[in-house]
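**Q** Below is the structure I would like to discuss, written out as structure tokens.
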Amino acid sequence: MVFMMEPFDLSQEVVEIVTDRLAENIVLLDLQDQAILTDYFVLLTCNSSRHVEALSYDIEMLLDQKGCKLLHSEGVPISGWVVLDYGAVVIHLFQEEQRDYYNLESIWSRGSQVVRIL
């Protein structure tokens, strides 16, 4: 059985998954009026490369169970930044140093912040 999720529902599911798995500084940005590549960014901070690895694996497995297929992933946990692309929802798993350096919240500041969990 395949379940299809609307982009907003998928983004909310991701926020719940990462909150349960101790991600920090979780931000959900609505980019529907700002980008043609995606509707939502989920940005979050992990406390180590092992945390990035475990969390990216959990996200992929749990969303797969709901019929959401990963389209593409980029980066490796040891780099401190992994991107999971689900089309309408793109998830950025950072370690703090990389998140501060790339500062995506500033780059995409015209997007609406839907959720922020510190």
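**Q** Please name all residue pairs, on different chains or six or more residues apart, with Cβ atoms under 6 Å, provided the first residue is in the stretch 19-37 and is more than 19 Å from L93 (Cβ to Cβ) and the second residue is acidic (D, E) and assigned to a loop (DSSP other than H, G, I, E, B).
**A** Listed pairs, sorted by first residue: Q32/D39.
**Q** Which of the residues belonging to the stretch 82-101 are crowded, with 20+ Cβ neighbours inside 10 Å, free of Cβ contacts under 8 Å to residues at least 40 places away in the same chain and over 21 Å from K66 (Cα atoms)?
**A** The one that is crowded, with 20+ Cβ neighbours inside 10 Å, free of Cβ contacts under 8 Å to residues at least 40 places away in the same chain and over 21 Å from K66 (Cα atoms): V82.
**Q** Considering (1) touching a residue at least 40 places away in the same chain (Cβ under 8 Å); (2) at positive phi, say which one L43 fails and leave the rest.
**A** Result: L43 passes all but (2).
Yes or no, residue by residue, for (1) at pLDDT 95 or above; (2) over 19 Å from V115 (Cβ atoms); (3) out of contact with any Pro (no Cβ under 6 Å at 6 or more places or on another chain):
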| site | (1), (2), (3) |
| --- | --- |
| P7 | no, no, yes |
| L31 | yes, no, yes |
| H51 | yes, yes, yes |
| W81 | yes, yes, yes |
| D85 | yes, yes, yes |
| I91 | yes, no, yes |
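**Q** Moving on to the next point. Please give the strands (runs of 3 or more DSSP E) falling wholly within the stretch 50-104 in which 2 or more residues are within 18 Å of T19 (Cβ to Cβ) and among the hydroxyl-bearing types (S, T, Y).
**A** Answer list for the stretch 50-104: none.
Matching residues to (1) on the phi > 0 side of the Ramachandran plot; (2) out of contact with any Leu (no Cβ under 7 Å at 6 or more places or on another chain); (3) not aliphatic (A, V, I, L, M):
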| site | (1), (2), (3) |
| --- | --- |
| H51 | no, yes, yes |
| C68 | no, no, yes |
| V83 | no, yes, no |
| G87 | yes, no, yes |
| Q95 | no, yes, yes |
| E105 | no, no, yes |
| V114 | no, no, no |
| I117 | no, yes, no |
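The values are calculated or read from the model by the stated rules, or taken from the named source; none is laboratory data. Keep in mind that this is a model prediction, so the values were computed, not measured. All Cβ positions, glycine included, derive from the backbone under ideal geometry; neighbour counts span all protein chains shown.
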